[in-house]
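Student: Just dropping this structure here.
The values are calculated or read from the model by the stated rules, or taken from the named source; none is laboratory data. Note that this is a predicted model, so its numbers are computed, not measured. Don't worry about glycine lacking a Cβ; one is built from the backbone with ideal geometry, like all the others, and counts go over all protein chains shown.
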Amino acid sequence: MTTTVPARIEDLPQSQAQRRVLIVLIAAQVLSGAGLAAGVTVGPLLAQDMLGSTGLAGLLSALATAGSALAAVAVGRISQARGRRPGLATGYLTGAVGSAGVIAAAVAGSSVLLFVAMFVYGAGTATNLLARYAGGDLAAPERRARAVSIVLVATTLGGVVGPNLAAPAGDLAHALGIPRLAGLFLLSGAAYATAALVLAIWLRPDPLLLARTLEAERAAAAFARSGGDGGEVRPPVGWHRSGVLVGTLVMALTQLVMVAIMTMTPVHMHDHGHGAAASGLVIAIHIGAMYLPAPLSGWLVDRYGRLTVAAVSSLVLLAAGIVAAFAPEGSVAVLAAALALLGVGWSLGLVSGTAIITDAVPLATRARTQGLVDVSIAIAGAVGGLASGLVVAAAGYPLLAAGGGILALAILPAVVVAARSR
């Protein structure tokens, strides 16, 4: 018996092409996870050191968020026109340029350059999140959420390793005549640039372009079978529209609630006598709960349905808010449990919302729509971060936590309406 070997990688069976795509995406996500670490770990500290102001240091995060929103649109449009490979590679390369700009700003002592560079650096954050969509392009509908979750969980390794390299990266920076706090941005720039290179060389076939080709072939075959009478079945347009709205609402609300509660938890702990080690542990548990359960979230979405898991995410976020609101002031364990629930709720919401969006949008406009949807996620995160401080200052952390959990319940009526419209 002889086996026919494809002449081109694009001729691989869809399942083999999907496995290859996932392997390449996992490698890129591990690298980009390390790239993300710099902005989160030392970005605000570098700004505070250069500007001498904690208040102005907060602007750095806002600028990075604004940059990620703009990048989401740009990467989505490039992916729509030319495929995932050039879109994602361009996004990561832009993040590397931003990292280099931060280093230059630190060396020159220029706050203006620092702010501009952090705006550009935000492209890496947006691209890291957008990469999850590429995992679902070639996946069968019944396995799409699991494919998305595999890409998400790959970020965890780089995200955990990156912050732990702060000290050696700082030593390397010092040896090169660069301020120590900018050391992690050396790692970030190298990680983002390598992720871009990995995608540019090995993300072949391009998952989005191949998915379009396969869809066109299936449509042509269906047209031929129908005798050319144009009677092929099309999904209802109304469900497409409602699916986009529901998926966006699910992801935006989970992001807003998660960021709001997460942002103010270390402040709340500090105000009640807990040190940086305790708050760092709680946040580490939270981040682990965001990404590590992603494969389970994907399995649940594929097994029990997108809308069902979206509804569950709102209930888990409510539980997180209530536990955080009523946590004893001296109990790190209870706050850690609350933040773990918050991470799990976010994971369920992001994976289910991603699957809803991907199912609802046709391939012809998928990448552009996904980029626009992720803009709403970035904006929601920025709103949650900014509003959280105001709410705590006016009414206290317990009200913020409980209010965030209650706000997450807004997902439920949207899910009910969407289920009835199908």
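Student: Look at region 159-179 and say how many of its residues are surrounded by 13 or more Cβ atoms within 10 Å (Cβ to Cβ), of a type in the set (A, V, I, L, M) and out of contact with any Leu (no Cβ under 7 Å at 6 or more places or on another chain).
Tutor: Result for region 159-179: 3.
Student: Where residues in region 30-84 are at pLDDT 75 or above and of a type in the set (Ser, Thr, Tyr), which of them is surrounded by the most Cβ atoms within 10 Å (Cβ to Cβ)?
Tutor: In this case the residue turns out to be Ser32.
Student: Continuing with this model, one more query. Output the residues belonging to region 143-159 that are over 19 Å from Tyr92 (Cβ atoms) and of a type outside the set (A, V, I, L, M).
Tutor: Filtering region 143-159 for residues over 19 Å from Tyr92 (Cβ atoms) gives 143-147, 149.
Once the filter is applied, which keeps residues that are over 19 Å from Tyr92 (Cβ atoms) and of a type outside the set (A, V, I, L, M), region 143-159 yields Arg143, Arg144, Arg146, Ser149.
Student: Any residue in region 194-214 that's under 16 Å from Ala81 (Cβ atoms): show its pairings with residues that are modelled with pLDDT of 95 or more and not in a helix (DSSP H, G or I) at Cβ separation under 7 Å, as long as the two are six or more apart or on different chains.
Tutor: Close Cβ pairs satisfying both conditions: Asp206/Gly83; Leu208/Gly83; Leu209/Gly83.
Student: I'm trying to understand the selection: among the residues of region 288-344, which are of a type in the set (Asp, Glu) and surrounded by 21 or more Cβ atoms within 10 Å (Cβ to Cβ)?
Tutor: Asp302
Student: I need the full set of residues from region 78-135 which are at positive phi and under 22 Å from the mean Cα position of the chain (by Cα), in order please.
Tutor: Gly83
Student: Restricting attention to region 244-267, report how many residues are crowded, with 24+ Cβ neighbours inside 10 Å, within 14 Å of Ser352 (Cβ to Cβ) and over 13 Å from the mean Cα position of the chain (by Cα).
Tutor: The number of residues fulfilling the criteria is 4.
Student: Another question, if that's okay. Do we find that Ala222 is at pLDDT below 90 and either over 23 Å from the mean Cα position of the chain (by Cα) or part of a helix (DSSP H, G or I) (or both) in this structure?
Tutor: So Ala222 fits the description; yes.
Student: Follow-up. What are the residues in region 157-178 that are at pLDDT 90 or above and either out of contact with any helix residue (DSSP H, G or I) (no Cβ under 9 Å at 6 or more places or on another chain) or outside any helix (DSSP H, G or I) (or both), if any?
Tutor: Passing the criteria: Ala175, Leu176, Gly177, Ile178.
Student: Then there is this: Determine whether Gly403 is more than 15 Å from the chain's Cα centre (by Cα) and not aliphatic (A, V, I, L, M).
Tutor: Here the answer is yes, as Gly403 does meet what is asked.
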